[in-house]
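Worksheet: one structure, shown below.
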Amino acid sequence: MNKLLTELKDEELIKEFQDSNTLEAYEILVKRYKDPLMNFVYRFVGDRDICTDIVQDTMIKFYLNKDSYRSFAKFSTWIYTIAGNLAKNELKRRRRRVIFSISNSDDERTPQIEDKMFRSPEKLTDGKIRNEIIEKALLKVKPVYREVVILRDIQDLSYDEISEITGLAIGTVKSRINRGRSQLQKLLKHIYKE
Amino acid sequence: MKTIYNEKQNKHSKMIKDLQNLPKVETPENFEFNLMTRINNKNFGNVENSKPVFDWIKFLAPSAVVVTAIILLFILLPTSEQITDPLLYQAQKLDSQTIVSNSILAGKEFTKNQNTVKQNSNSTTQKKSVSPNRTVQNLSPLLPFWTSRSVSLDDYINGGRNSRNLQQGNVVHGGEDSAPLDRFFVAEKPDQTTLKKYRAHADSLRKAQLKADSLKKVQKMP
């Protein structure tokens, strides 16, 4: 039975979970989506512990509200929407905390991109450091643009899927992706010299 | 449109490649175990409580504004009964004016040098007297205002204010002589055509009276 379940598509698995409350179907879906969701949320929020909590909450939401899923939608877009909303809530909460905490300095609030002027070109070509810089720059992009850029360029989702997740028109998705990319490129102008 | 996006994509191609090559972040090893433990223990934390709650503040704030606006509208806007156009009121009064033409009075007192047009006793709007040479002698419009509180707008604008006008607020009023209106009013001189009309009316009455008298005299003759 278990082997058979693993061969099922996402939509078939959730149907099984909805109809028969089969916990194995739920566990398979969790296994399939925990890492992609973790990657998405981490790129969006930038804190590993908080991301783990968000992904856990996403899975619990999925468990509790399994009946709110409708078969005409793709399961992946549905679960990404839940995770995205929780991540946005976390960002909002953080922003509120930043507003109310006077003692916090700017350095603590937002991740800063290291001054690239002090890095030698050899160091910049070093993949690890380069990735680090890109990650930090990505967190500086406006959340509305960041979300779509992550979904498109990191998660490799189609425009249709992104449109479904964000609830935006495809044209809006495309323009936001471009704006996000432009913002990111500006932040990384020392790496990507035109 | 597509080409624009493609061009832009080409512009960012290096960066997109780097984004795709960013290391994948994975969940911790105990993720599933922790999740299933939470589910088995029904420890759903904040997730369970985060169902959409009806936000009373969000609902009440705009509705309070709307209700206040409606109440203010009812309080501040005068009802149709209260709206009286002073100009309209004046015109109505003029129309309803009747010239007293009592035949007895006309027979005995209607003399050449007493060619007075009387106003209706109820009419308080305007007094006018026509002299024998048929010129308007006294044109003192009795406006429905309390005179002590009235302001001549032209004088006021031209700077010819008097102390009486400036001390309007100090006027103490009592008795039955109440002013029906207390607002700006543009006083107009009586219309010449209206005066002509009344004059013609009075003339015709006079002629009719003379005819009647002459007829009576003819009848009395043997």
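Just so it is clear, none of the values below were taken in a lab; they were calculated from the coordinates. All values reported here derive from a predicted model rather than from experimental measurement. For neighbour counting, all protein chains shown are included, and Cβ atoms are generated from backbone atoms with ideal geometry for every residue, glycine included.
A compact table of results
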read-out: Too-long pairs where the Cα-Cα distance tops 22 Å, listed order kept, from A:LYS74/A:LYS174; A:LYS92/B:LYS14; A:LYS34/A:LYS61; value: A:LYS92/B:LYS14
read-out: Sparse-neighbour loop sites [GluC sites (Glu not before Pro); segment A:1-105; at most 13 other C-beta within 10 Å; DSSP]; value: A:GLU7
read-out: Rg/Rg_ref, segment A:1-70, where Rg_ref = 2.2 N^0.38 Å and atoms are Cα; value: 1.18
read-out: Averaged over B:13-21, number of beta-carbon atoms from partner chains that fall within 10 Å; value: 6
read-out: Per-residue Cβ neighbour rank within 10 angstrom, fewest leading, A:TYR159, A:TYR63; value: A:TYR159, A:TYR63
read-out: Neighbour-count order for A:VAL149, A:VAL144, A:VAL45, fewest beta carbons within 10 angstrom listed first; value: A:VAL144, A:VAL45, A:VAL149
read-out: Under the Karplus curve 6.51 cos²θ - 1.76 cosθ + 1.60, θ = phi - 60°, whole-Hz ³J(HN,Hα) for segment A:17-31, x wherever Gly or Pro sits; value: 5, 5, 6, 10, 6, 6, 5, 5, 4, 4, 5, 5, 5, 4, 4
read-out: Least to most buried among A:THR6, A:THR172, A:THR58 (fewest other Cβ within 10 Å first); value: A:THR6, A:THR172, A:THR58
read-out: Trypsin sites (Lys or Arg not before Pro) restricted to segment A:2-69 and DSSP loop, no more than 14 other C-beta within 10 Å; value: A:LYS9
read-out: Paramagnetic reach from B:ALA64 (point 7 Å along Cα→Cβ, amide N under 17 Å) across segment A:72-100; value: none
